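Report on the structure given below.
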Amino acid sequence: MSHVAIIGTGRYLPEHIMTNDDLSELVDTSDEWIRTRTGIRERRVSTGISTSDLAYEAGKRAVVEAGLKPEDIDLIICTTITPDYFMPSCACIVQERIGAVNSAAFDLTAACTGMIYGMVTAEQFIKSGMYENVLVIGSETLSRILDWEDRSSCVLFGDGAGAVVMSKTDKGGVLLASRLEADGSKSNLLTCSAIPLQNPYVKSPSHFQPTEIEMQGMPKKDLYRLPKIEMIGQEVFKYAVRTITDNINNILKKAGLSIDDIAYIIPHQANQRIIEQASKFCKVPLERFYMNLDRYGNTSAASIGIALDELVATGELKQGDRLILVGFGGGMTSGSILLEWR
Ligand code: UT7
């Protein structure tokens, strides 16, 4: 029986680079603090391009790399916490723009684990026989939901998109095992509220009152607090180290493999210190963890797709190399995929 495999990858990043020094002009921080506490040197920030624009560019590249035509795509899954609209979905916008006329399309949300959740969902559709070719895109303009006055969070994130095309075949990045997890009891660790309930029976709740900056020049009807990322950083840090370690150990067990069988691990790119600690707990040399967070920061649902596409582009992946993709994020959610390159 054929496996499910990744047959094409793509990425797209906004052009504008925001350095740590640029950030130190906005909030009380420094290049030294950000580099030593996170490993991040710079990130890309949209100067106008939207989540669906980024998704379209990354998705288009993945379809070309897969050697397919847009009309060969049966399903598009976009994963994002920063869609342009509640409706239409980012996936429907991409479907129209790339000309995937035969495709179904929907968005999926699992915060920074979005790409793993999206790929495992695609795997099930392909395994069931319902669809042959699925495009999965992680795309974010996190800059739109950052609190640019909160130095403990605004320095961490960036904008970007990564994509994969998955099909039923034994060639490419063949999926050997996958797993998903969630722990809603820790949902308070990482949050971003939606719009408040406001209707003839419910007035705008007081905790949605706008800050002074948000009030400047804003029409009266929009005077509720805009959604912003809030987090309990140290608790997220501990959860991340534990969940990366557990996911790696559990997926190896599921696939009947050992850590020595793994050439690369692509973790969600949140903080270099999180990855360093996970590497110690898993007893995996740090060099085996692919990292690009120094250049892009944390791009949430996009990070694993961007990193995978970069690794593929280096040409360093050899036949038989095995990789673990491992994500964690708000929810809290986590998950992993074990691939073999053929
Ligand atoms: O996809 C998941 C997304 N979230 C994450 O990955 C977050 C995981 N957590 C982290 O990465 C880390 O907890 C942070 C990078 C957010 C913070 O690092 P930390 O080593 O845990 O620092 P801390 O929160 O213990 O803060 C230490 C000090 C504090 O000052 P005081 O109270 O000791 O005077 C903070 O106010 O560092 C201060 N601080 C900063 N200083 C300069 C916090 N942010 C900054 C900053 N620049 N940007």
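Give the range 10-57 a look and list any residue that's among the acidic types (D, E) and more than 30 Å from L68 (Cα to Cα), or say none. Let's see the steps before the verdict.
Residues of the range 10-57 that are among the acidic types (D, E), as a first pass: 15, 21-22, 25, 28, 31-32, 42, 53, 57.
Hits for the range 10-57 are D21, D22, E25, D28, D31, E32, E42.
Condition first: β-branched (V, I, T), assigned to a helix (DSSP H, G or I) and over 23 Å from V236 (Cα atoms). Now tell me which residues in the range 118-165 satisfy that. Walk me through it before giving the result.
Going through the range 118-165, the residues β-branched (V, I, T) turn out to be 120-121, 126, 134, 136-137, 141, 145, 155, 164-165.
Those still in the list that are assigned to a helix (DSSP H, G or I) too: 120-121, 126, 145.
Matches in the range 118-165: V120, T121, I126.
Given the options G59, G67, name the one that is of a type in the set (G, A, S), assigned by TED's automatic domain parsing to the domain that holds L146 and part of a loop (DSSP other than H, G, I, E, B).
Details: G59 fails: part of a loop (DSSP other than H, G, I, E, B).
Checking each option against the conditions leaves just G67.
Does R11 qualify as being under 15 Å from the mean Cα position of the chain (by Cα) and within 16 Å of the ligand (Cβ to nearest atom)? No: the conditions fail for R11. If you filter the range 253-278 down to residues that are buried (at least 21 other Cβ atoms within 10 Å of the Cβ) and in a helix (DSSP H, G or I), you find that the one that is farthest from the ligand (Cβ to nearest atom) is A278.
The set of residues in the range 291-330 being small (G, A, S) and surrounded by 21 or more Cβ atoms within 10 Å (Cβ to Cβ) consists of G297, S300, A301, A302, S303, G305, A307, G327, G329, G330.
Would you point out the residue of the range 32-88, among those that are charged (D, E, K, R) and closer than 23 Å to V155 by Cα, that is farthest from the ligand (Cβ to nearest atom)?
Just the residues of the range 32-88 that are charged (D, E, K, R), to begin with: 32, 35, 37, 41-44, 53, 57, 60-61, 65, 69, 71-72, 74, 84.
Pick out the ones that are also closer than 23 Å to V155 by Cα and you get 32, 35, 37, 41-44, 84.
Values: E32: 9, R35: 11, R37: 5, R41: 14, E42: 14, R43: 13, R44: 16, D84: 21 Å.
Looking at residues that are charged (D, E, K, R) and closer than 23 Å to V155 by Cα, I get D84.
The number of residues in the range 89-117 that are away from the ligand (no atom under 16 Å from the Cβ), more than 18 Å from S50 (Cα to Cα) and either part of a helix (DSSP H, G or I) or in contact with a Cys (Cβ under 7 Å, 6 or more places away or on another chain) (or both) comes to 1.
Please verify whether A91 is of a type in the set (G, A, S), closer than 28 Å to L286 by Cα and modelled with pLDDT of 95 or more, treating the condition exactly as stated.
Values: of a type in the set (G, A, S): yes; closer than 28 Å to L286 by Cα: no; modelled with pLDDT of 95 or more: yes.
So A91 fails the test.
Across the range 303-325, which residue is farthest from I229 (Cα to Cα) among those that are β-branched (V, I, T) and within 11 Å of the chain's Cα centre (by Cα)?
Of the range 303-325, the ones β-branched (V, I, T) are 304, 306, 312, 314, 324.
The next check asks that each one be within 11 Å of the chain's Cα centre (by Cα); those that pass are 304, 306.
On the way: I304: 20, I306: 22 Å.
If we take residues in the range 303-325 being β-branched (V, I, T) and within 11 Å of the chain's Cα centre (by Cα), then I306 is farthest from I229 (Cα to Cα).
Taking the condition of being assigned to a loop (DSSP other than H, G, I, E, B) and away from the ligand (no atom under 11 Å from the Cβ), how many residues in the range 292-342 meet it? Steps first, answer last, please.
At the first step, the residues of the range 292-342 found to be assigned to a loop (DSSP other than H, G, I, E, B) are 292, 297, 299, 315-321, 330-332, 342.
Then drop every residue that is not away from the ligand (no atom under 11 Å from the Cβ), which leaves 292, 315-321, 342.
Going through the range 292-342 one residue at a time, the tally reaches 9.
Of the residues that make up the range 264-279, is at least one over 24 Å from L189 (Cα atoms), in the same structural domain as E235 (by TED's automatic domain parsing) and not charged (D, E, K, R)?
Checked against the condition, which is being over 24 Å from L189 (Cα atoms), in the same structural domain as E235 (by TED's automatic domain parsing) and not charged (D, E, K, R), the range 264-279 yields at least one hit.
Remark: pairs (first residue in the range 133-148, assigned by TED's automatic domain parsing to the domain that holds G329; second residue among the acidic types (D, E) and in a strand (DSSP E or B); Cβ separation under 6 Å; 6+ apart in sequence or on different chains) are absent.
The values are calculated or read from the model by the stated rules, or taken from the named source; none is laboratory data. Because the structure is predicted, anything quoted here is derived from the model rather than measured. Please note: Cβ atoms are built from the backbone with ideal geometry, for glycine as well, and neighbour counts cover all protein chains shown.
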